[in-house]
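Some notes on the structure that comes next.
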There are 2 protein chains.
Amino acid sequence: MARVAKGKGVVLRPHVKTHKCAEVWADICAAGNTCGITVSTLEEAEYFHAHGANDILYAVGLAPGKIARIAKLVAKGARVTGILDDLTVVRLLEAAANEHGLVLPLMIELDVDGHRAGVDPLSDELLDLAAAIAGAPSLHLAGVMTHAGGSYAATDGATLNSAAQNEASLSVKAAERIRAAGFECEIVSIGSTPTALAEADLTDVTEIRAGVYTFFDLVMAGIGVAQIDEIALSVLATVIGYSRSNGCLVTDAGWMALSRDRGTQSQPVDQGYGLVCDEDTRPISDLIVRGCNQEHGIVGPRDPEERIDFAQYPLGTRLRILPNHACATAAQHTSYAVTESRTVVDVWHRTTGW
Amino acid sequence: MARVAKGKGVVLRPHVKTHKCAEVWADICAAGNTCGITVSTLEEAEYFHAHGANDILYAVGLAPGKIARIAKLVAKGARVTGILDDLTVVRLLEAAANEHGLVLPLMIELDVDGHRAGVDPLSDELLDLAAAIAGAPSLHLAGVMTHAGGSYAATDGATLNSAAQNEASLSVKAAERIRAAGFECEIVSIGSTPTALAEADLTDVTEIRAGVYTFFDLVMAGIGVAQIDEIALSVLATVIGYSRSNGCLVTDAGWMALSRDRGTQSQPVDQGYGLVCDEDTRPISDLIVRGCNQEHGIVGPRDPEERIDFAQYPLGTRLRILPNHACATAAQHTSYAVTESRTVVDVWHRTTGW
């Protein structure tokens with residue numbers, strides 16, 4: 001991703017919510033071309049600041065009650081940028097920032113695809129918001145940002161490229177409108193793993209954000225931006241029984257280990273709760289996790305009419321399950337077992353909480 | 001549940017997987033009438049043994065590779081009982097138990113409703129399994145157990161009572177068949193929160209297992225065994241924005257805080273990702289969490305055509321979200337904030353991992 005960003009003439013602000021792990025972040029830094037991090041919780045901000053991150057974008061709408069914790073990070077030398085998309089919050093953030101003696105950098109969140117949050121880049125509201133922030137003495141308008149969450153619905157390259165170009169063009173347009181209205185707008189921050197890996201002209205974009213590329217997952221493979229053998233995260237499971245009535249294996253990896261994410265359900269290839277591999281992470285043709293209980297996984301052929309030959313999977317057989325959504329599956333665990341072949345060569349802690 | 005069990009003439013073996021918390025377990029013990037605990041992972045067994053639990057049923061099919069950890073618990077004075085449902089595993093468990101110098105208590109898992117695992121209580125296989133265990137010098141046949149997981153699909157009392165009676169009757173029948181064949185079968189262990197709270201004659205059942213009753217949740221309310229105001233677990237969320245296009249609030253509690261569990265989806269009342277309450281846990285009529293991203297919750301009226309009056313929910317408003325499935329939502333957190341009214345009076349750690 002560092003190379004991709006460089007090729008597009010932008011810097012990378014990796015989203016750390018996928019891995020929440022200092023060692024992974026150190027590897028990302030070693031690849032170069034980063035400008036800080038993106039976080040989804042203040043806990044992530046605090047954890048990664050303690051591990052050396054200084055330029056932090058908190059990419060979830062900022063509530064005034066969270067300024068006190070940001071002020072503590074700022075006092076330790078961090079630059080923490082918040083985002084907002086609503087005029088009514090400016091007054092509240094100004095009061096809170098002023099109370100804590102901050103000049104708080106803020107970016108306006110843009111809605112480029114009707115996905116979740118953000119203001120219309122072509123609206124009057126965008127300029128009203130820019131004016132309100134620029135006019136608030138304890139706030140600083142740092143730029144615009146968007147997350148093209150709608151790109152996750154793409155399943156072909158043309159749709160994805162179109163989503164990526166739309167994200168870039170509308171963000172640049174919003175920045176131009178803000179500048180034309182007489183306000184500063186230094187940063188144009190866009191991104192998501194799918195759009196970052198798509199083809200788009202990023203002229204005048206300054207940075208891209210991406211997170212799930214760190215591990216990749218089946219959803220990314222379904223979108224077409226990753227190959228199955230590029231997925232770096234899997235859950236090691238053991239065969240603990242047989243469901244003879246439906247011809248399935250029972251494993252000890254249920255939703256507690258895999259998460260309940262069913263992100264591939266709406267894709268052309270539904271991977272159930274995960275794609276099943278052998279212990280060396282080679283996919284076993286068309287075996288998926290069909291169902292999950294808390295600590296039980298039900299493994300069977302994708303075709304529900306087919307049955308597993310139990311003799312091939314003696315009790316105790318170990319399998320690796322590739323996840324639908326790396327962020328969700330990793331979140332079910334407190335550490336990563338780093339492996340070379342079948343050997344665990346290190347254990348990396350991941351942080352948790354809010 | 002202690003009172004319910006006593007009224008039915010059985011003891012309670014609470015399942016600790018819901019709460020994974022020593023303080024909660026201490027409260028359960030204080031209510032009396034328990035005979036030990038049920039666990040779903042060996043980590044739970046180790047944690048609760050360290051907190052005083054000695055009689056532990058590991059209610060997930062036992063793989064031979066896990067005997068080494070059980071042997072360590074036994075060496076510390078614990079009685080750990082495993083379960084199995086397959087003849088092919090007996091030889092493997094015998095070898096592993098023998099290697100570790102154990103006489104390992106085992107219960108035969110019964111399938112009373114085609115739900116997941118277990119042997120047919122009326123089958124020849126049951127007796128073959130009993131004979132194999134009884135004939136293995138390092139194994140001890142402790143009894144039979146079942147989990148009527150199919151009862152979770154019940155949405156009326158008659159169906160539920162029927163599921164509960166079926167669970168009890170078939171389990172007692174299985175024990176009788178084993179005894180008639182000349183083998184010991186001391187324990188008849190059944191249960192789930194729904195069937196434990198249903199009406200059934202439990203004559204000759206010795207213990208019931210239940211877990212989610214500890215907190216209750218929306219799925220249990222949908223089945224009819226809990227009232228909404230009996231749900232003891234909620235996630236505190238803050239309004240951080242507005243999704244003006246669809247008339248929804250945006251909160252900072254997404255699936256990372258709530259889990260992806262959609263257990264009420266198949267019930268008559270679909271509660272989305274959770275039922276929304278005010279800060280005092282009073283449900284706000286028909287507000288649910290309609291959608292979730294990692295750290296964003298989308299809160300709107302159950303009827304997707306309706307819109308929220310944003311003026312009633314200023315930025316920073318705090319809401320409490322009741323969970324679909326207490327086990328899943330609690331698992332997203334590392335501790336419980338114990339509250340009296342709005343005041344946090346204690347923080348209880350919960351364990352995690354495998």
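The values are calculated or read from the model by the stated rules, or taken from the named source; none is laboratory data. The model shown is predicted, which means the values in this text are computed figures rather than measured ones. Virtual Cβ from ideal backbone geometry, glycine too; neighbours counted across all protein chains shown. Calculation scope for accessible area: heavy atoms of the full protein, side chains included, ligands and nucleic acids excluded. Shrake-Rupley method; radii C 1.70, N 1.55, O 1.52, S 1.80 Å.
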Return the Rg/Rh ratio of the stretch B:57-213 with Cα-based radii and a Kirkwood Rh. 0.99
Between B:ASP286 and B:ALA75, what is the label-point separation in nm under the 7 Å Cα-to-beta-carbon projection? 6.2 nm
Under 10 Å, Cα contacts only: if you run a Gaussian network model on chain B, which one of B:ASP309, B:ASP280, B:ASP217 comes out with the highest mean-square fluctuation? B:ASP309
Per the axis that maps chain B onto chain A, nearest residue of B (Cβ criterion) and its distance in Å: B:ARG260, 2
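Taking the solvent-accessible surface of protein heavy atoms with a 1.4 Å probe, what is the per residue accessible area of chain B in Å²?
Values: 13420 Å² over 354 residues.
Result: 38 Å² per residue.
How high is the relative contact order of the stretch A:28-92? Use alpha-carbon pairs under 8 Å, at least six apart in sequence, and give a whole percent. If you can, show how the numbers build up before the last one.
Values: 70 pairs, mean separation 20.7, N = 65.
Once normalised by length, the contact order is 32 percent.
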Given a Förster distance of 51 Å, report the FRET efficiency between B:ASP229 and A:ARG307 from their Cβ-Cβ distance, rounded to the nearest 0.05. 0.65
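Could you tell me the calculated FRET efficiency between B:LEU122 and A:GLU43, based on Cβ-Cβ distance and R0 = 45 angstrom, to the nearest 0.05?
Numbers: r = 53 Å, r/R0 = 1.18.
Efficiency, from the Cβ-Cβ distance: 0.25.
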Tell me the distances, shortest first, between B:VAL345 and the same position across the other copies, using label points 7 Å along Cα→Cβ, in nm to one decimal. 5.3
Specify the inter-centroid distance of the stretch B:61-87 and the stretch A:59-97, based on alpha-carbon positions, in whole Å. 52 Å
Please report how far the C-alpha centroid of the stretch B:134-195 lies from that of the stretch B:297-354, rounded to the nearest whole angstrom. 36 Å
What residue among A:GLN294, A:GLN265, A:GLN312 has the largest mean-square fluctuation in a Gaussian network model of chain A, using Cα springs under 10 Å? A:GLN312
Any idea how far apart A:THR343 and B:TRP348 come out in nm if each label point goes 7 Å out from Cα toward Cβ? 4.4 nm
The summed charge of the B:VAL225 Cβ neighbourhood (under 13 Å; Lys/Arg +1, Asp/Glu -1) stands at -4
Label point 7 Å beyond Cα along the C-beta direction, distances from B:ALA75 to other copies (nm, shortest first): 4.9
Listed residues A:ASN246, A:ASN33, A:ASN98, most fluctuating in chain A (Gaussian network, C-alpha, under 10 Å): A:ASN246
Relative to the present Cα-Cα distance, how much length would full extension add between A:GLU279 and A:ALA153 at 0.36 nm per residue of separation? 42.3 nm
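Going down the list A:LYS17/B:LYS66; B:LYS17/B:LYS72; B:LYS8/B:LYS76, which pairs span over 29 Å between their C-alpha atoms?
Numbers: A:LYS17/B:LYS66 33 Å; B:LYS17/B:LYS72 21 Å; B:LYS8/B:LYS76 33 Å.
Cα-Cα > 29 Å for A:LYS17/B:LYS66; B:LYS8/B:LYS76; rest within.
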Just to confirm the numbers: A:GLY52, label point 7 angstrom along the Cα-Cβ line, distances to the other copies in nm, shortest first? 4.6
